[in-house]
Amino acid sequence: MNIFMLLSLIGGLALFLYGMDTMSVGLAKLTGGKLQKILQSLTSNKWKACALGAVVTAIIQSSSATTVMVVGMVNSGILKLSQVVGIIFGANIGTTATSWILSLSGLRGESFFVQLFKPTTFSPILGIVGVILIMAGNKPFKKDIGRIMIGFAILMFGMNAMSDAVEPLGEIPEFAQIMTLFSNPILGVLMGAVVTAVIQSSSASVGILQALSMTGSLSYASTVPIILGQNIGTCATSLISSLGTNKNAKAAAFIHLYFNIIGTVLFLAAYLIALAFLDMQFLGSVTTPVGIAVIHSIFNVVSTVILMPFAEKITDLATFTVYGKEPIPEMEDSTLNKLDPLFLSNPSFAVQQARQVANEMGKKCYNALVMSYDLIQNYNPGVHEEIIRIEQKVDNYEDHLGSYLVKLSALELSESDNRIITIIMNSISDLERISDHVATISDNCKDKHDNHGIFSSAALAEMKVYQEALTDIMNKTVTAFETMDLNLASEIEPLEEVIDKINSKVKKKHVKRLQKGICSIDMGLILMNIATSYERISDHCSNIGASMIEIMEDDYETHQYLTDIREDEHYKNLVKEYRKKYQLPAKKAV
């Protein structure tokens with residue numbers, strides 16, 4: 001092999017790896033983390049989890065991405081070890097899909113249909129269509145499809161480049177002699193494991209092997225051990241990803257390793273026994289890309305079928321490796337664990353995790369607000385302390401979410417995920433301020449209780465209407481934020497305008513009570529402070545609703561939106577509806 005052939009081989013490998021990465025990223029964007037999210041809910045049955053792991057891996061074209069994500073889920077407490085065994089087993093089956101796609105490069109024949117399915121025929125077409133979709137497509141979905149097509153085209157061009165570069169090796173006797181060395185099962189397994197561990201992609205190492213098979217110098221005797229070793233080498237990615245994680249996550253990585261080691265040992269033993277007692281003439285025949293795909297698939301499918309009944313034993317072995325005789329602790333179910341750095345390797349899934357944390361942040365704000373209402377009449381120190389704890393949690397959520405979203409926004413994301421991240425980043429400060437105002441309300445109620453104060457029946461009746469309107473706007477905001485429902489978000493601002501009027505009327509009525517001596521100045525100030533906090537909470541709800549609409553409609557001038565929307569007939573009708581619904585008592589102030 002001269003320097004030019006080597007450069008062609010390296011260039012082909014570079015294109016192959018880049019194309020695979022581009023295709024995987026496009027597929028991940030297209031699924032938007034939905035496939036990964038399903039993994040969280042369909043893992044109770046290990047066979048279903050296995051099937052799901054296979055499907056997810058086949059679709060996103062990366063067993064490494066699946067196993068790293070699983071390690072992250074265990075590390076964050078989203079899934080238990082017992083739930084991930086099936087997913088890990090299934091990921092090994094799903095990764096064989098790539099080898100079948102790559103086997104198309106070995107098609108031989110002159111018929112029209114054979115020529116049609118050759119990568120040299122359809123890859124350029126896919127590349128052209130992909131470029132058109134990216135340049136002319138006006139929707140994220142089309143652009144993601146285009147990236148997948150271009151990634152696949154580049155991948156196949158890289159595969160062909162590697163095949164062309166190594167083709168002359170078939171005429172070199174020394175190369176054939178080197179390849180026969182790997183007929184030694186131990187050397188073959190080591191070779192496959194080392195190469196796969198170095199490039200951290202079993203799909204890529206299988207692709208290289210398929211390219212080499214087209215030289216005609218590889219026999220099944222030399223390729224079978226290499227394929228077995230490749231399945232061990234692919235565990236390097238999950239083992240590396242488990243560094244710095246908790247012990248349960250490390251155990252998940254060891255489950256992946258032990259599955260492949262045990263499967264390889266069993267197959268190797270069966271292979272050696274077959275060599276000793278059976279006439280295995282086919283082992284001397286020339287390997288083809290399709291043959292490699294068949295062996296790769298048989299190994300993973302049969303290993304899964306054999307080892308699945310022993311899944312618990314493999315889990316026990318993995319946990320013993322990590323914990324020894326130490327008892328396994330229960331995983332803490334912490335919301336913030338969902339912001340695991342490991343998920344950043346799968347940005348679409350990381351966005352979904354961040355969204356769940358932000359949704360939980362909104363729910364806590366809503367619950368704290370509702371809890372604060374009873375404190376006005378029936379002060380409870382325990383409830384007050386719980387509201388303060390919630391406020392501190394929400395502060396903590398904002399800090400962690402903000403840092404996580406900054407890291408996430410620097411990654412390659414779909415247009416839809418970018419919008420979601422921007423909405424969350426714009427909203428979490430408003431949610432944090434809402435929790436601050438609820439804490440202030442709780443403090444005001446404590447002051448009222450400590451001073452043995454009371455509010456008049458008229459004030460309580462007015463505040464009840466105020467609370468009903470505030471509960472409505474807070475519920476609309478949290479629900480719209482959680483579901484990204486723009487129709488519901490458009491109902492927030494009209495209600496906020498009505499709440500502004502309610503706030504003004506409540507304060508005016510209270511001033512009259514103060515003038516008549518019905519209410520003390522101290523209690524009057526407390527009521528005024530609570531009413532002001534209510535109004536500011538509604539303002540923050542308005543900010544969140546307006547931000548959602550602006551970002552989803554590509555217009556970031558929030559103040560202009562709030563000005564223009566007031567001229568809309570639907571907006572005016574909603575204002576009338578809310579005014580009628582939330583009318584203060586007509587009774588005279590007493």
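Numbers at a glance
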item: Surface per residue (accessible, 1.4 Å probe) for the chain, Å²; result: 45 Å²
item: Using alpha carbons only: equivalent-ellipsoid semi-axes of segment 235-290, gyration tensor based, whole Å; result: 36, 14, 6
item: Listed values (1) 64, 61, 43; (2) 76, 56, 42; (3) 109, 61, 36, entry calculated as Cα extents along the principal axes in Å; result: (3)
item: 30 Å Cα cut-off, lysine pairs counted over segment 276-382 (separation 8 or more, or different chains); result: 5
item: Label point distance in nm, Ser409-Lys572, each placed 7 Å from Cα along Cα→Cβ; result: 3.8 nm
item: Per-peptide average of other Cβ atoms within 10 Å, ordering 79-90, 415-426 highest first; result: 79-90, 415-426
item: Peptides ranked, highest mean first, by Cβ atoms within 10 Å: ranges 573-579, 494-500, 335-341; result: 494-500, 335-341, 573-579
item: Accessible surface of the chain, 1.4 Å probe, proportion on carbon and sulfur as whole %; result: 61 percent
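The values are calculated or read from the model by the stated rules, or taken from the named source; none is laboratory data. All of these numbers come straight from a predicted model, not from anything done at the bench. Methodologically, a virtual Cβ is constructed for each residue, glycine included, from the backbone with ideal geometry; neighbour enumeration extends over all protein chains shown. The accessibility values were calculated without ligands, DNA or RNA, using every heavy atom of the protein model including side chains. Shrake-Rupley method; radii C 1.70, N 1.55, O 1.52, S 1.80 Å.
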